[in-house]
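Peer 1: Below you will find the structure I want to go over with you.
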Amino acid sequence: MTSLILDKTFPLKTSYVLLYDVSWKQLEQLDINLAGTGARLTYLDGILEIMSPLSDEHEDSKKTLAMLVEVYMRSKNIRFYSRGSATLGKRENKTRREPDESYNLGTKKSIPDLILEITVTSGGINKLEIYKRLGIPEVWFWEDGLISVYCLEAGEYQKVARSTLLPDLDLELLAKHSRMGDQFDAVNEYSQVIKQN
């Protein structure tokens, strides 16, 4: 790829597009060109994924799951710092990603301890490879109301049945409440269940 010029009217008819042989300099230029469009950029080893602005379904699911996780941590007096979707990545390891939600547990750190990813559309760049290079201890994927947890062990992600960071968390209960149609009711009901336990 020698040159690519995109402006704020760049049509993203599909949910994402992949571009190959993109340099870091081109990535930085695209970031400037697409500012304000709502497009999200993910980069790994010269491959760039441009995701169209997030759907209401994605945003609702993301916020509901984040609120439920935060209710749980507050109820268990677990100190946490929400990092939101702050851009992660480095030119040196050829990665860039904006997670859906991210958290530091215990203290603020330069990288998150926990990342939440909401999957509405599959495909594209392998997000776990990016997070592995960054050394993110734990990544959760929420898809169709189910939660998959991946823990970084000996330099590789392993799919696990329980969170290492939050070992007492009942993931099935969390997932059940994340699927509820009304966000307010989901958070209130989950809060009550946690208090009873």
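Peer 1: Those residues that are in contact with a helix residue (DSSP H, G or I) (Cβ under 8 Å, 6 or more places away or on another chain) and free of Cβ contacts under 8 Å to residues at least 24 places away in the same chain, I need them from segment 130-160; list them, please.
Peer 2: Matches in segment 130-160: VAL149, TYR150, LEU152, GLY155.
Peer 1: A follow-up question, please. Quick one: in segment 1-45, of everything that is modelled with pLDDT under 90 and of a type in the set (Lys, Arg), which residue is farthest from GLY124 (Cα to Cα)?
Peer 2: Ranking the candidates gives LYS8 first.
Peer 1: Which pairs turn up if I take residues in segment 61-75 that are of a type in the set (Lys, Arg) and look for partners that are surrounded by 19 or more Cβ atoms within 10 Å (Cβ to Cβ) with beta carbon separation below 7 Å, at least 6 apart in sequence or on another chain?
Peer 2: Note: pairs meeting the criteria are LYS62/ASP100; LYS62/GLU101; LYS62/ILE118.
Peer 1: Could you look through segment 82-104, keep only residues that are part of a strand (DSSP E or B) and not aliphatic (A, V, I, L, M), and pick out the one that is farthest from ASP60 (Cα to Cα)?
Peer 2: Applying the filter and picking the extreme gives THR95.
Peer 1: Among the residues of segment 114-136, write down those that are surrounded by 20 or more Cβ atoms within 10 Å (Cβ to Cβ), more than 14 Å from ARG40 (Cβ to Cβ) and not hydrophobic (A, V, I, L, M, F, W, C).
Peer 2: Matches in segment 114-136: TYR131 only.
Peer 1: Is there any pair linking a residue in segment 95-115 that is among the acidic types (Asp, Glu) to one that is surrounded by fewer than 15 Cβ atoms within 10 Å (Cβ to Cβ), with Cβ under 8 Å and at least six apart or on different chains, and which?
Peer 2: Pairs that qualify, where the first residue is among the acidic types (Asp, Glu) and the partner is surrounded by fewer than 15 Cβ atoms within 10 Å (Cβ to Cβ), are GLU98/ALA86; GLU98/THR87; GLU101/SER82; GLU101/GLY84; ASP113/GLY106.
The values are calculated or read from the model by the stated rules, or taken from the named source; none is laboratory data. This is a predicted model, so every value here is computed, not measured. Virtual Cβ from ideal backbone geometry, glycine too; neighbours counted across all protein chains shown.
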